[in-house]
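J.: Here it is, the structure in full.
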Amino acid sequence: MSDAAKDELEERIDGVRDLHEFRFQIVELGASADEEQVADIFVRINSEGVKLNQSDFILTLMSVHWEKGRRQLEDFSRSAVIAGLPGPSPRNAFLDPSPDQLLRVAVAVAFRRARLQHVYSVLRGKDLETGKVTAARRQEQFDRLAQAHTKVLDLTSWHEFFQCVTAAGFRSRKMITSDNALLYSYTIWLIGRHDFGLTADELRPVIGRWFFMAHTTGRYSNSPESQMEFDLGRIGSLPPGDGRAFTAELDRIIAANFTGDYWDISLPNRLDTSSSRSPVLFAYQAALNILDAEMLLGDQRIRDLLDPSVKPAKAVDRDNLFHRKTLAGLGITDRRQVNAIANMAYVTWPADELSNTDAPHDYWPRMTDAMDPEVLERQVRCTRSRSAGNSSTISPSWNGGAS
């Protein structure tokens, strides 16, 4: 062995030997300590060591006072990721939920809170005004949580909500960039269903619009708990059981976010990216799914390409409409601009055009002269609607009438 290898080996052996001298700190509890004291000590110690989140503390409290509830959360989450289970299952195309995510939804439904820092105290039975803890109050709060818990884990509700996501044009988790948008939209769905008496059919369009807005604008990406507290407050101020007021309020919030300036300024600016995981790209794809749009220059439907049940041997990728060599000739070489969302499309190239590097005004007439004019206009419309906001990046040489 080399001297360096010997030195390293000695250091490792010394490290193992030093374990004899390592001092562990322990907290020893007397036999008279009850389960609640054990849970409280666990929370206090862990809040000072490896940081646990608030949902971890609440799940610990559930282990003491309502172990069945915690076990149901864990079983539901486990079943959602296991394929081929017999009978109904929470498995879906959009989300593999964790127990703490489902707990957050239940807490929001039960207590109209998204921030969890006070919920732990509430579930312990603590009066937030007097500071007094009572077993009766604790049982009352756990009963409220249990009622919401049952609603959250109801498989019919779970899958009816995901029908709203599908109605919004989203096909699979590949199109989802925010689990929070899913979870908080499910919360609002449950409130509309149980507190405002709306049917699944009545909720589907408005929750579909809500999710599309929340996901596209990143409503729950920054300070999600604060934003959800605001939304819960808006809903909480409505007359109980008034379904029309509920849907009208959601539509007002949607309209306030999807303003003319959003479509004219904010959205085009967000399209100025080459990211393949952009919420605005997935919003565009969702719109194509709703429109039942075809691939450009082809007849295959976009929704079929994005179907999660279809696993082709070779993935169909988006391709550049303006070839990189064409853009280089215009002085555009930045990779972000070359692969910008506005320059990419699901397109079917004819076999004899696969290797061409022509500019669009050269290749477009060759490929479209024989196409049905109505089909061509429909495909041009769908493609143009995506890239209009970013036309300044790729338009200098284009005069063919399509993006």
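J.: Please work out which residue is nearest to Ala108 (Cα to Cα), limiting yourself to the range 242-258 and to residues that are exposed (fewer than 14 other Cβ atoms within 10 Å of the Cβ) and either of a type in the set (A, V, I, L, M, F, W, C) or modelled with pLDDT under 95 (or both).
T.: Among those residues, the one meeting the criterion is Ala248.
J.: Based on what the data block shows, is Lys151 among the charged types (D, E, K, R) and touching a strand residue (DSSP E or B) at 6+ places or on another chain (Cβ under 6 Å)?
T.: So Lys151 fails the test.
J.: State all residues of the range 158-179 that are more than 18 Å from Val206 (Cα to Cα) and either assigned to a helix (DSSP H, G or I) or polar (S, T, N, Q) (or both); if no residue qualifies, say none.
T.: Those that are more than 18 Å from Val206 (Cα to Cα) and either assigned to a helix (DSSP H, G or I) or polar (S, T, N, Q) (or both): Ser172, Arg173, Lys174, Met175, Thr177, Ser178, Asp179.
J.: Right, something else. Would you confirm, using the coordinates I've provided, whether Glu202 is within 22 Å of the chain's Cα centre (by Cα) and open to solvent by 30 Å² or more (accessible area, probe 1.4 Å)?
T.: In short, no.
J.: Say we look at the range 230-241 and pick out the residues that are within 15 Å of Arg193 (Cα to Cα) and surrounded by 13 or more Cβ atoms within 10 Å (Cβ to Cβ); which of these is nearest to the chain's Cα centre (by Cα)?
T.: Residue satisfying both the conditions and the ranking: Leu232.
J.: Check whether at least one residue in the range 271-289 is open to solvent by 40 Å² or more (accessible area, probe 1.4 Å) and β-branched (Val, Ile, Thr), and report yes or no.
T.: no
J.: Looking at the range 344-363, is at least one residue within 26 Å of the chain's Cα centre (by Cα) and not aliphatic (A, V, I, L, M)?
T.: Yes: the range 344-363 contains one or more residues that are within 26 Å of the chain's Cα centre (by Cα) and not aliphatic (A, V, I, L, M).
J.: Restricting to the range 62-86, and then to whatever is in contact with a Pro (Cβ under 6 Å, 6 or more places away or on another chain) and free of Cβ contacts under 8 Å to residues at least 60 places away in the same chain, can you tell me which residue is nearest to Glu140 (Cα to Cα)?
T.: It comes out as Glu74.
J.: So Asp143 ticks every box in (1) of a type outside the set (Phe, Trp, Tyr); (2) in contact (Cβ under 8 Å) with a residue 24 or more places away in the chain; (3) surrounded by fewer than 14 Cβ atoms within 10 Å (Cβ to Cβ) but one. Which box is left unticked?
T.: Failed condition: (2).
J.: Follow-up. Can you tell which of Arg71, Arg112 is surrounded by fewer than 14 Cβ atoms within 10 Å (Cβ to Cβ) and among the basic types (Lys, Arg)?
T.: Arg71
J.: Checking the condition within 24 Å of the chain's Cα centre (by Cα), surrounded by fewer than 23 Cβ atoms within 10 Å (Cβ to Cβ) and of a type in the set (Ser, Thr, Tyr), which residue from Thr130, Thr156, Thr134, Thr187 passes?
T.: Thr156
J.: Only one of Asp372, Asp358 is within 29 Å of Asn269 (Cα to Cα), modelled with pLDDT of 50 or more and open to solvent by 20 Å² or more (accessible area, probe 1.4 Å). Can you tell me which?
T.: That would be Asp358, the only listed residue that is within 29 Å of Asn269 (Cα to Cα), modelled with pLDDT of 50 or more and open to solvent by 20 Å² or more (accessible area, probe 1.4 Å).
J.: Going through the range 19-53 one residue at a time, which ones are closer than 18 Å to Arg138 by Cα and either open to solvent by 100 Å² or more (accessible area, probe 1.4 Å) or at pLDDT 75 or above (or both)?
T.: Answer for the range 19-53, where residues must be closer than 18 Å to Arg138 by Cα and either open to solvent by 100 Å² or more (accessible area, probe 1.4 Å) or at pLDDT 75 or above (or both): just Glu35.
J.: Could you please let me know if Ala255 is part of a helix (DSSP H, G or I) and either in contact (Cβ under 8 Å) with a residue 12 or more places away in the chain or over 20 Å from Arg209 (Cβ atoms) (or both)?
T.: The answer is no for Ala255.
J.: A follow-up question, please. Hey, could you check the range 343-355 for residues that are open to solvent by 50 Å² or more (accessible area, probe 1.4 Å) and part of a helix (DSSP H, G or I) and say which is farthest from Ala283 (Cα to Cα)?
T.: Among those residues, the one meeting the criterion is Asp352.
J.: Continuing with the same structure: Only one of Asp307, Asp334 is out of contact with any strand residue (DSSP E or B) (no Cβ under 8 Å at 6 or more places or on another chain), closer than 29 Å to Ser221 by Cα and open to solvent by 50 Å² or more (accessible area, probe 1.4 Å). Can you tell me which?
T.: Just a single option satisfies the conditions, and that option is Asp334.
J.: Tell me, which residue of the range 305-354 that is modelled with pLDDT of 85 or more and polar (S, T, N, Q) is farthest from Leu271 (Cα to Cα)?
T.: Thr348
The values are calculated or read from the model by the stated rules, or taken from the named source; none is laboratory data. Source: prediction; values computed, not measured. Every residue, glycine among them, receives a Cβ derived from its backbone with ideal geometry; neighbour counts consider all protein chains shown. Note: accessible area is taken over every heavy atom of the protein model, side chains too, but ligands, DNA and RNA are not part of it. Shrake-Rupley method; radii C 1.70, N 1.55, O 1.52, S 1.80 Å.
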